[in-house]
1. Along the Cα-to-Cβ line of residue 138, 7 Å from the Cα, sits a label point; which residues in region 36-62 have backbone N less than 15 Å from it?
2. Are any of the pairs 31/101; 123/167; 73/149; 62/167; 66/146 more than 29 Å apart by Cα-Cα distance, and if so, which?
3. In nm, to one decimal, how far is the residue 154 label point from the residue 29 one, both placed 7 Å along Cα→Cβ?
4. So between residue 166 and residue 39, what do we pick up on full extension, going 0.36 nm a residue minus the alpha carbon distance?
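Since every read-out is calculated from the coordinates, none of them should be taken as a lab result. Bear in mind the structure is a predicted one, so any value in this text is a computation, not a measurement. Backbone-built Cβ (ideal geometry, glycine too); neighbour counts: all protein chains shown.
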Amino acid sequence: MRSLASRALLGLAFCVSLLGCTTQLAPPYDKAVVDGLNAANTEAMTLLAEVSNGTDKGTFPKREDKYNTLIGKLDALAVSAGARPMPSNNVTELINRKLEKRGVTQPLQEDDATPPSAHAIRKIAETFERMRDHDMKAGLKPGDAKAFKGQVVVYFDQAITYENFLKR
C-alpha cells in the first residue's frame, strides 16, 4: 500500500512539474517590430490608394521616392523581424513525417531560423518592387493596382496577425 501511495505521489509531483514547463515555439514579442509594421502598413495603403485609379509612366518620377522609401523600410523591418532568436523545435520534422506516411510528397519547408512574419514582410517588399518596376515601365491600370493591393493585404495580414499573436 505504501508503494502505491509513493508512486501516486511521485506521479502527481511529475505532473505538477510538467505544468510549470513552457516550451517556446516562437520568437519573443517585439513592440518595435509591431510599431514598424503598423506604420509601414499605413504608408503602403496610402501609396496603393494614390495609384488605385491607375497611373501614367510619365508621372512615375513623382512616385519613385515613395516606392523606394517604402521598400527600404520593409527590407529593414524584415531584417529586424528575422533577427530575433527562434527557439529550436522539431515540429516541422514531426509534421513532415506524418505527411510522408500519408503519401504527401511535398514536405513543409523547414526554416526554424525565420519567423513567418519576416517571410511575409519580404514578400510585401518584393511585391512593391514589382509594382514599382511595372509603374516605371508602363504605368499601372486600375486592375493592376487592385491586384498588387490584394497581394500586399494578404501578406500584411499574415505578418500583423503573427506579430500580434506573440504579444499574448
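1. 54-58
2. As for pairs spanning more than 29 Å Cα to Cα, those are 31/101; 62/167.
3. 2.9
4. Difference between extended and current length: 43.9 nm.
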